[in-house]
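Remarks on the structure that follows.
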Amino acid sequence: MKLRSTQSLSLLTLSGVLLLSACSSNNNDEAAGSSGSEAPSTASASASADSGAMDTTPITFSFFGADASPNWNNMQDEIGKVITEKTGVTINAEYDIASGGGENKIALMAASGQYPDIIFAKGELGKLVDAGAIIDLTDLIDKYAPNLKKLIGENTNRLKYSLDDQSIYSIPTNGGVDQQYFDATGGFEVQLRVLEELGYPEIKTVQDFENVLKEYVAKHPTTDGQPTIPLLLNADDWKSMITVTNPAFIATGAPDDGEYYVDPTTYEAKLHYKRPEEREYFKWLNHMYNEGLLDKDTFVQKDDQYQAKIASGRVLGLISQEWEYGNAENALKAAGKHEYTYGHFPVTLNDQYQDHELVSAGIDFSGISITTANKDPIRTIKFLDWLASDEGQVLLNWGIEGVHYNVENGKRVIPADVLDKKVNDNSNFMKTTGIGLYTTFSMHYGDGVQDSTGNYYTTNFPDQIIASYSDAEKAALKGYNATTWKDLWPSDLPVKEWGALYNMQAPTDGDYQVIYQKTQDIIRKSIPKAILAKPEEFDKTYDQFLADLDKAGAEKMESIYTGLVKNRVKLFTGKDIQ
Amino acid sequence: MSSKAFNLTRGERVFSIANYVVLTIIVIATVYPFLNVLAISFNDSVDTVRGGIYLWPREFTLENYETIFGYKSLLTGFKISILRTVIGTILGLLSASMLAYVLSRPDFRSRKFLSTFLALTMYFSGGMVPVYILFRDLNLLGTFAVYVLPGIVSAFNVFVIRSFMDGLPYALQESAKLDGANDFKIFYKIILPLCKPVLATIALFLAVGQWNSWFDTYLYNGNKPSLTTLQYELMKILDSTQQGSAMTNANDLANKMAQVSPESIKMAITIVVTVPILVVYPFLQRYFVGGMTLGAVKS
């Protein structure tokens, strides 16, 4: 190595490093400088803002979202630019990656005191509240946020943190207020060609479901040269919760409260597997397996093998939610094989149960919080309020008038080419237009709520849904005298008093988490074992499973949880419960 | 060489065949996944869901690559990844070799103490939160320096280079001293050229480490899109199927699934992220062999 090249190499490296560190520290100074210089102007501006005019001096808020948002485009999308133009606000957003949850990053925040201005903390909010990082929003909402107040309505109790600390630490944004489901996308699924050939038979109980599959597979043992699969479930990791264990309580009339079942009169919580009805459900699955109707590879295959089997069109029945197998179904639709797609049925164990999937949990979801690092909480709450206004909600859901939708005779209509991109190339559509990227920033109405012009706030409403059905689906629905799959479901079920328990913060210290993990491991192992067992062994295996749960401390965990549920009901409804 | 084949005993021939078979299996097992990813990245995204793509794309398309090269953040990530790999490697090499030289000199008085001290750092670490707080206090958060400065001296690399230097005859240094060279000259003109094989190895470790790291971007530079790296961009669009410790719910999962990137886009980004380092590797190969025979000493 010649001396000259070594020297010049090290000189180059050194200067490169110095340059870069200088550049980055410049950026820091710029950022600090700009937010610093904002202070005097916003102080004067907020005085004028009180009089009602919207302050639009440029300001940047930093944000952290605990859920991944891979299509986030730094507000360079179409509606992002409009938001900045109308409110002056630019959001410098950071999202968690992959499965999200934000545990690592929020732990760092709590320990180091570095907080973003706004945060969507989901399950980790407790850590930040304990660190004193979140401000109480009660007064801010009361004084500066008329639109938020309208959305909250009478439900202020539900926004409070706990019985001991009745501050409002987050405004619920991860769901729609007064959400109505216009279509059922869960339940049990059967391929449309099966329904057509068998003359649209009644499918109300698991026995009906089984008979339909048995009859069809006897007539058509192969599909396109490959063996037909009557029933397929996805048991890959957490997806088994959706297809294997959750249907156990759905089919036996219980609503979705995560892994628990809460008695509506005593408010006692227990793991839902302990219900005798669910044993019967799993016994039915065991029966399906031993009859050869449940695919032999169910518990060893991975998610992409599951999707591939569905996309090949040879799976007659599924027990799942549409978003879970949606990709595979789209592949079928793209190939024009609409009769191989699926219809939905609210199947229950027997006719004494009703499917409670569509029960409303009321307002109970995680949302946006403002931290103590935020230099202008008043401006922030006004910004969130603007997003929650009618104008804001329409922008976030529908887009820009004339670009993403048109108003014809007073009704909002999405042009066909925009709808096509939205349905078929959703990822890119989100990235360029921004529709769907901003909904968790503020409170919003759910499907089915109409604004003062008689149009719906969201783009999911009956006419739209029916328009997106394929001809095969419409024909099948006609065979059942229904216009949407939801018509087959029971309606008018009461709102749950305890909200949705999967949103309730579970205690992070003490034995609770340890026992919870242990019981989850037992469930993951034992349920497949019970389903794959020989029919005469089923009861023994299931009894062993329940015994294992109690041995791992399930009863202690349940009593802790029951205490939390009772407190929650007290907080939400004001009832006094022992 | 071929004449040797005729003289192999039967035992040697059997071993030879078995050797070839095992090695071929290993090669196939290693190369196949990569070819699979390559094939899927060239395949149409809707068609990919049908599965069954092994070595050859069924519906060839360049659309996936077109789409991802349009992502501005990917281009920024490319620039930053290359910068940090080059700068991080050079800095790491220089500092590790300098420290190794000092520790290899027998006349260095604190040699034993420093070596033990350095070795201890290999086993203990502060943990995620204390390190984060340290970086915050040093104003390293949100800067490019956080990629290259912390861990600039890796104890493991120092020890590897030092062992190599210990193998070089001390006579070389003595004779250089007699000729009036100072320590720096000895280091640059005599020791370093002889260390080419080990330097190439360490350079490869450093380069691959820098190229592949995303966790530091995630922890320290997550809120700075201008400092993103290629791997972090890839991580952002890959969805993992692990369940968090909190109970997940159907509504949540549904929201997440709506944002899942198509499989073929994920594969395309994987290829884009892996290929540069793959390309660099063969060029470093020749340094492993060269430099072994330089400066022979008659001892």
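Remarks
Residue-by-condition table, conditions (1) assigned to a loop (DSSP other than H, G, I, E, B); (2) of a type in the set (D, E, K, R); (3) more than 12 Å from chain A (Cβ to nearest Cβ):
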position	(1), (2), (3)
B:L114	no, no, yes
B:M122	no, no, yes
B:S125	yes, no, yes
B:P130	no, no, no
B:F135	no, no, no
B:I152	yes, no, no
B:F159	no, no, yes
B:L172	no, no, yes
B:I190	no, no, no
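- In summary, B:A207 fulfils each of the numbered conditions (1) more than 10 Å from chain A (Cβ to nearest Cβ); (2) more than 23 Å from the chain's Cα centre (by Cα) with the single exception of condition (2).
- For B:F184, the requirement of being within 14 Å of chain A (Cβ to nearest Cβ) and either of a type in the set (F, W, Y) or within 25 Å of B:L278 (Cβ to Cβ) (or both) is met.
- Restricting segment A:310-325 to residues that are more than 7 Å from chain B (Cβ to nearest Cβ) and surrounded by fewer than 22 Cβ atoms within 10 Å (Cβ to Cβ), the residue that is nearest to A:M288 (Cα to Cα) is A:R314.
- Checking A:P247, A:P264 one by one, the residue that is more than 27 Å from A:V217 (Cβ to Cβ) and either surrounded by fewer than 18 Cβ atoms within 10 Å (Cβ to Cβ) or touching a residue at least 12 places away in the same chain (Cβ under 8 Å) (or both) is A:P264 and no other.
- So A:A110, is it within 12 Å of chain B (Cβ to nearest Cβ), among the aliphatic types (A, V, I, L, M), more than 21 Å from B:Y232 (Cβ to Cβ) and within 18 Å of the chain's Cα centre (by Cα): no
- Annotation note: of A:V359, A:V403, the sole residue that is among the aliphatic types (A, V, I, L, M), in contact with a Lys or Arg (Cβ under 7 Å, 6 or more places away or on another chain) and part of a loop (DSSP other than H, G, I, E, B) is A:V359.
- If you go through segment A:275-325 and keep only what is part of a helix (DSSP H, G or I), free of Cβ contacts under 8 Å to residues at least 40 places away in the same chain and under 20 Å from A:I250 (Cα atoms), you end up with A:P276, A:E278.
- Number of the exception - A:D117 against (1) modelled with pLDDT of 90 or more; (2) charged (D, E, K, R); (3) surrounded by fewer than 21 Cβ atoms within 10 Å (Cβ to Cβ); (4) closer than 30 Å to B:I133 by Cα: (3)
- Selection within segment A:213-232 - closer than 20 Å to A:V300 by Cβ and either touching a Lys or Arg at 6+ places or on another chain (Cβ under 9 Å) or of a type in the set (K, R) (or both): A:Q226, A:P227, A:T228, A:I229, A:P230, A:L232
- Among the candidates B:T48, B:T67, B:T89, residue that is touching a residue at least 40 places away in the same chain (Cβ under 8 Å), within 12 Å of chain A (Cβ to nearest Cβ) and within 18 Å of the chain's Cα centre (by Cα): B:T89
- Test for A:V129: is it farther than 24 Å from A:Q393 by Cα, in contact (Cβ under 8 Å) with a residue 24 or more places away in the chain, away from every other protein chain (no Cβ under 14 Å) and not small (G, A, S): yes
- From B:I80, B:I40, residue being crowded, with 19+ Cβ neighbours inside 10 Å, under 25 Å from A:Y325 (Cα atoms) and not aromatic (F, W, Y): B:I40
- Among the residues of segment A:443-467, those that are surrounded by 16 or more Cβ atoms within 10 Å (Cβ to Cβ), among the hydrophobic types (A, V, I, L, M, F, W, C) and more than 16 Å from the chain's Cα centre (by Cα) comprise A:V449, A:F461, A:I465.
- Checking A:K122 against (1) at pLDDT below 90; (2) of a type in the set (K, R); (3) under 22 Å from B:P225 (Cβ atoms), the condition it does not meet: (3)
- Residues satisfying the stated conditions in segment A:141-172, i.e. of a type in the set (G, A, S) and either assigned to a helix (DSSP H, G or I) or at negative phi (or both): A:A145, A:S162, A:S167, A:S170
- Looking across segment A:221-244 at every residue that is within 11 Å of chain B (Cβ to nearest Cβ) and part of a loop (DSSP other than H, G, I, E, B), the one that is surrounded by the fewest Cβ atoms within 10 Å (Cβ to Cβ) is identified as A:D237.
- Every pair of residues 6+ apart whose Cβ atoms lie under 8 Å, when the first sits in segment A:525-538 and is under 11 Å from A:K283 (Cβ atoms) and not assigned by TED's automatic domain parsing to the domain that holds A:L285 while the second is modelled with pLDDT of 90 or more and surrounded by fewer than 18 Cβ atoms within 10 Å (Cβ to Cβ): none
- Residues that are assigned to a loop (DSSP other than H, G, I, E, B), within 14 Å of chain B (Cβ to nearest Cβ) and out of contact with any Leu (no Cβ under 6 Å at 6 or more places or on another chain), drawn from segment A:255-270: A:P255, A:D256
Residues are listed down the side, and each one gets a yes or a no for (1) under 25 Å from B:L140 (Cα atoms); (2) surrounded by 22 or more Cβ atoms within 10 Å (Cβ to Cβ):
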residue: A:E103; (1), (2): yes, no
residue: A:I106; (1), (2): yes, yes
residue: A:S112; (1), (2): yes, no
residue: A:K122; (1), (2): no, yes
residue: A:L125; (1), (2): no, yes
residue: A:V129; (1), (2): no, no
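- Unique match (being within 30 Å of A:P70 (Cβ to Cβ) and at pLDDT below 90) among B:G151, B:G167, B:G126: B:G151
One line per residue, one yes/no per condition, for (1) more than 26 Å from A:L501 (Cβ to Cβ); (2) hydrophobic (A, V, I, L, M, F, W, C):
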position	(1), (2)
A:R275	no, no
A:R279	no, no
A:F299	yes, yes
A:Q305	yes, no
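- The set of residues from segment A:47-81 being at pLDDT below 85, surrounded by fewer than 16 Cβ atoms within 10 Å (Cβ to Cβ) and outside any loop (DSSP other than H, G, I, E, B) comprises A:A47, A:S48.
Residue by residue, here is whether (1) within 10 Å of chain A (Cβ to nearest Cβ); (2) modelled with pLDDT of 85 or more; (3) closer than 30 Å to A:P116 by Cα holds:
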position	(1), (2), (3)
B:V198	no, yes, no
B:W214	yes, yes, yes
B:L253	yes, no, yes
B:K256	yes, no, yes
B:V272	no, yes, no
B:P282	no, no, no
B:M292	no, no, no
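- Conditions (1) in a helix (DSSP H, G or I); (2) touching a Leu at 6+ places or on another chain (Cβ under 9 Å); (3) hydroxyl-bearing (S, T, Y): number failed by A:T84: (2)
- Identity of the residue in segment A:488-545, aromatic (F, W, Y) and assigned to a loop (DSSP other than H, G, I, E, B), that ends up modelled with the highest pLDDT: A:W489
- Residues located in segment A:432-487, provided they are among the aromatic types (F, W, Y) and outside any helix (DSSP H, G or I): A:Y438, A:Y445, A:Y456, A:Y457, A:F461, A:Y469, A:Y480
- Here A:K382 meets the list (1) among the charged types (D, E, K, R); (2) over 20 Å from A:F61 (Cα atoms); (3) in a helix (DSSP H, G or I) almost entirely, failing just condition (2).
The values are calculated or read from the model by the stated rules, or taken from the named source; none is laboratory data. Keep in mind that this is a model prediction, so the values were computed, not measured. For neighbour counting, all protein chains shown are included, and Cβ atoms are generated from backbone atoms with ideal geometry for every residue, glycine included.
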